[in-house]
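Please read the structure below before turning to the comments.
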Amino acid sequence: MAIRKRRTSPAKTPAKSQAYDEDSIKFQEGLNGIRANPSMYLGALGNPMVFRMVKEAVDNVYDEFAAGRNTGAEIIVNPKDNSYIIADYAQGIPVGLKQTEHEGKVSAMTLILTKVHAGGKFDDTAYKTSSGTHGVGIAAVNAASSVMEVWTKREKVWYVQTFKKGVADAKVKKLGTRAPAAFKNFDLAEKTISKYGTIVRFIPDQTVVSEDAARGSRKVAEDKLTVAKLELGTAGSWLRDLAMLNPGFHITYTCVGKGSKKFVNTKGLDWLVLNRIKEAEAQAVSRKPFMYEDEDLSCAITWTDQADDHLFTSYVNSSPTVEHGTHVEGFRSALQKAIKPHLTDRDKKAKFTVHDLMIGACGVLNFKMNSAQYSSQVKDKLVSKVAKDVETKLEESLFEWFKDNPRIAKNIIKKATTANNARESLKKVMKSMTEVRKKSRGVLPENLTEAPNVKPDQREIYIVEGDSAGGTAKNARNSNQEILKMSGKPANALNISLDKLLNSQAVLNIIISLGIDPGSLDIQADSPKFSSDKLRCQRVYLLSDPDPDGAHINVLLLCFFFRLLPDFIKEGRLYCVEGKLYSALYKGKLYSGDTFDECYSSMPQTEEAKKAITRIKGWGEVNPDMLDPIAFDPDTRLVRQISWNDDPAKIAYFRNIAAESAAEKRKLLGLKESRPALEEA
C-alpha cells in the first residue's frame, strides 16, 4: 500500500451543463489510445505498471519456451536510467512483410510492436499454449515507453527497430551477422551472442506510467512526477516462481551494480510450497504436499495454521491470476468431493462453504491451455470454462491423498466448521446492527461533532485520538468538517474475527458516522466488505498524535478500511494528516519539522522565532489556530493520501506487517531467520 503526500481542497460542485458537440469528440490513432488510458491495458499506475510492463515482455519469452523454441530468459534492470532489458534464446521475431488493409506491406515485427491485436497467439498454429492471448501486451509496453529498442535474429542475421512513445523511428533495419555494438553495454549473461534470439530494451514514459499521471488529475510538471520503477523484490519472487513452475526454464535476473541471480527448477514444486511456509513462519499440517502433474496441469498444495489462503497462488500458462478464476473453481470442487468421505454426521450439519475448506492452504496451481480468456487485459482472472476439466483431473488424486492422510482432512474440516460458526455468530451481530440502525435512524454517535446541512460530497470526517485532541480539533475545523473522537486503541481488524470486530463500539461508531449500510456486507463472500456507495461523507482523515503511538493507531484504523471498506481506499478517499513533532506558528505562518533543528532551519533565524517552536506531544496540547493550518485549512494542510496497490506481494506484506507478523518484524530489523533457510533452487 503506497502513501503519497499531496494538498487537498474541498470537492467542487460540478457545473450544471457542459457543451457537447463535434468539437467534444476525440479519436486516438496508433497506440495513442493506450497512452491516454494505460491502466486498461497495464493495470494500476506507478510501480505496479512498470512491473506489468516487464511481465508482458517476459510473458513473450515464456511463450517461446512453452512452444519449444527457447530455453531461458534474462531480465536486466539498470537503476541509473530506469531502463529494462528482456532477452531470450529463441528464434527471433519474424521480420518479413505482411500485407495490410490500409498501409500496404509492413514488417511483421513492426505490426507486432505497433498494432493492437497483432501477433501469433490467436490460434494454436505457432503456440499450443501461451501466456499472451490478445496481441496487445508488448504493443502496450511500447505505447507506455519513452523509448523502445528491439533487436532480433532471424536465420543468423540481426535486425533492429527503434520506437519513441509507441511510434517507429524508422523501418526495420538489417544489421548483418555480427553482434550489434549496443550489446556491449547491456550486462548480458551469455558471452556467446549467437545464443540470443530477441533483445528488447525499454524505458517507461513517466508522463504515462507515474502515479501522478492519472487522467483528470491536476497537472504535475514532468520533472516533479513520482518516478515509477520496478520493485526488485516483487519481481524476483515472481521470476523465481516462474522458473519453479517450468522445469528447464533458466532465468537470469540482473540489477546493474547489484549483481545477478539465477533461477532454475532442480527440486520440484514441493520445494516452492515448503519455502513459502518457511518464509511465512507458518506451521504445516503436513510437510509432504499433495502433488499432481500432467501435460496441462501442475498442482502442489498443503495446509497450514494460517487464517486464510493468501499463501495459495494460481496461474494460467505460468501467468499469475491474482483473482483466480474457473481453474481454481475446478480445484475447489474436486477438494470438496474428495474430502466428503471424511465428514462425520455432525460435520455434515455444519453449512461451511468450499471457500472455508481453503483456509490455511499454501501452494500453487498452474493450468496450461490455448486461447485462455480473462476478465480483463491484465489477465488477473480466468473466465474460460475449464472448471470441469480441472475437477476431473484432480478429484481422484485428492481422494487418494486424503485417504493416506486422514489427519489433514480432519484438520481442514475443523477449520471450515470453525469458520462457519463464526459466520453464524456474525449473522446475529449484523441483525443486531440493522435493528439498531432502524430504531435510531438519523441518530449519530455522541462522540461525533456534526457538520449539519452539508452535502455528502462536501463533508469530511476527521477521526481523532482522544477527548483532548477532539476538543482542539472541534475548534479548529471548518464548517464542512466533522470530528469523530476515538477512546483508546481500536481493535486490529486483521487479528480478530469479523463478528468480534463488529461488536466493538469504536468500529460501530465509525460505521454509523460514515453512514455505512450494514446490509451491504455479504457475509458469504470470500472477503466480506461494505459498500462505499451512498456514504454521508466524501473523505476521511486520520488525525492521530505525531508520535509512534499515534502512527500505530493510524495503522489499526487503516486495517479496518483495508478489510471492510477497501473500495473507499481505491477511490482515493482516505487520508492521513502528516503530523510533525516540532511546529511553530510565527507571524501568521506555520513552520514544522521532525526535529527542532529542522523546524528552526526553515524559519527566520531569530531568538523570537526560536522560542515559538513547540514540541507537540499530542494535538490536545496545541491551540486551534496552530492545528488549523496543519490539518484543516484546504490551502495549507499537508496530508498523505492512502492509495491502493494491486500487487499481491505488496498486499501480503501489508497484511503481515499490520497483523504484527513476527517473521516480517525480523526482516525489517535485519535479524537472522529463526529457522535454517531452505537451500535456494
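The values are calculated or read from the model by the stated rules, or taken from the named source; none is laboratory data. On a predicted model such as this, the values are computed, not experimentally measured, just so you know. Because the Cβ atoms are built from the backbone with ideal geometry, glycine has one as well, and the counts that use them run over all protein chains shown. The accessibility values were calculated without ligands, DNA or RNA, using every heavy atom of the protein model including side chains. Shrake-Rupley method; radii C 1.70, N 1.55, O 1.52, S 1.80 Å.
Do you know which of the residues in segment 463-479 that are of a type in the set (Gly, Ala, Ser), touching a Ser or Thr at 6+ places or on another chain (Cβ under 9 Å) and assigned to a helix (DSSP H, G or I) is surrounded by the most Cβ atoms within 10 Å (Cβ to Cβ)? If we take residues in segment 463-479 being of a type in the set (Gly, Ala, Ser), touching a Ser or Thr at 6+ places or on another chain (Cβ under 9 Å) and assigned to a helix (DSSP H, G or I), then ALA473 is surrounded by the most Cβ atoms within 10 Å (Cβ to Cβ). Among the residues of segment 426-450, those identified as part of a loop (DSSP other than H, G, I, E, B) and at pLDDT below 90 are SER440, ARG441, GLY442, VAL443, LEU444, PRO445, GLU446, ASN447. If I filter segment 549-569 for residues that are touching a residue at least 24 places away in the same chain (Cβ under 8 Å), over 21 Å from GLY471 (Cα atoms) and among the basic types (Lys, Arg), do I get at least one hit? Yes: segment 549-569 contains one or more residues that are touching a residue at least 24 places away in the same chain (Cβ under 8 Å), over 21 Å from GLY471 (Cα atoms) and among the basic types (Lys, Arg).
Can you say whether CYS559 is surrounded by 21 or more Cβ atoms within 10 Å (Cβ to Cβ), more than 23 Å from the chain's Cα centre (by Cα) and part of a helix (DSSP H, G or I), as far as the supplied structure shows? No. Residues in segment 337-348 include none that are modelled with pLDDT of 90 or more and closer than 26 Å to TRP238 by Cβ. Scanning segment 133-156 for residues that are at pLDDT below 95, surrounded by fewer than 22 Cβ atoms within 10 Å (Cβ to Cβ) and among the hydrophobic types (A, V, I, L, M, F, W, C) yields a count of 1. Within segment 173-198, if we keep just the residues that are assigned to a loop (DSSP other than H, G, I, E, B) and open to solvent by less than 40 Å² (accessible area, probe 1.4 Å), the residue that is nearest to ARG154 (Cα to Cα) turns out to be GLY197.
From the list LEU494, LEU542, LEU501, which one is open to solvent by less than 50 Å² (accessible area, probe 1.4 Å) and assigned to a helix (DSSP H, G or I)? None of the other options fit; the residue is LEU501. For segment 374-392, the set of residues classified as under 31 Å from the mean Cα position of the chain (by Cα) and open to solvent by 40 Å² or more (accessible area, probe 1.4 Å) consists of SER375, SER376, LYS381, VAL383, LYS385, LYS388, ASP389, listed by residue number. Applying the selection to segment 292-311, what residues are surrounded by 22 or more Cβ atoms within 10 Å (Cβ to Cβ), aromatic (Phe, Trp, Tyr) and either within 20 Å of the chain's Cα centre (by Cα) or over 23 Å from TYR653 (Cβ atoms) (or both)? Listed by number, the list is empty, since nothing qualifies.
Restricting attention to segment 42-78, report how many residues are hydrophobic (A, V, I, L, M, F, W, C), open to solvent by 20 Å² or more (accessible area, probe 1.4 Å) and either assigned to a helix (DSSP H, G or I) or in contact with a Leu (Cβ under 8 Å, 6 or more places away or on another chain) (or both). Adding up the residues that qualify gives 3.
The set of residues from segment 240-291 being open to solvent by 30 Å² or more (accessible area, probe 1.4 Å), among the hydroxyl-bearing types (Ser, Thr, Tyr) and part of a loop (DSSP other than H, G, I, E, B) comprises just one member, THR266. Tell me, please, whether a residue that is modelled with pLDDT under 90, under 24 Å from SER319 (Cα atoms) and not acidic (Asp, Glu) can be found in segment 280-296. Yes: one or more hits.
Put simply, of ILE523, ILE569, ILE510, ILE553 the only residue that is aliphatic (A, V, I, L, M) and either open to solvent by 50 Å² or more (accessible area, probe 1.4 Å) or assigned to a loop (DSSP other than H, G, I, E, B) (or both) is ILE523.
For segment 90-112, the tally of residues that are of a type in the set (Gly, Ala, Ser) and surrounded by 11 or more Cβ atoms within 10 Å (Cβ to Cβ) stands at 4. Suppose the filter is open to solvent by less than 60 Å² (accessible area, probe 1.4 Å), in contact (Cβ under 8 Å) with a residue 24 or more places away in the chain and in a strand (DSSP E or B); does TYR591 pass it? No.
Residue under question is LYS348, and the condition is that it be free of Cβ contacts under 8 Å to residues at least 24 places away in the same chain and either surrounded by fewer than 17 Cβ atoms within 10 Å (Cβ to Cβ) or assigned to a loop (DSSP other than H, G, I, E, B) (or both); does it hold? So LYS348 fits the description; yes.
All of LYS455, LYS415, LYS403 fail the test of being modelled with pLDDT of 90 or more and not in a helix (DSSP H, G or I), apart from LYS455. You will find that of ALA11, ALA15, ALA73, the residue that is touching an Asp or Glu at 6+ places or on another chain (Cβ under 9 Å) and modelled with pLDDT under 55 is ALA11 and no other.
The sole residue among ASN645, ASN656 that is modelled with pLDDT of 65 or more, in a loop (DSSP other than H, G, I, E, B) and surrounded by 14 or more Cβ atoms within 10 Å (Cβ to Cβ) is ASN645.
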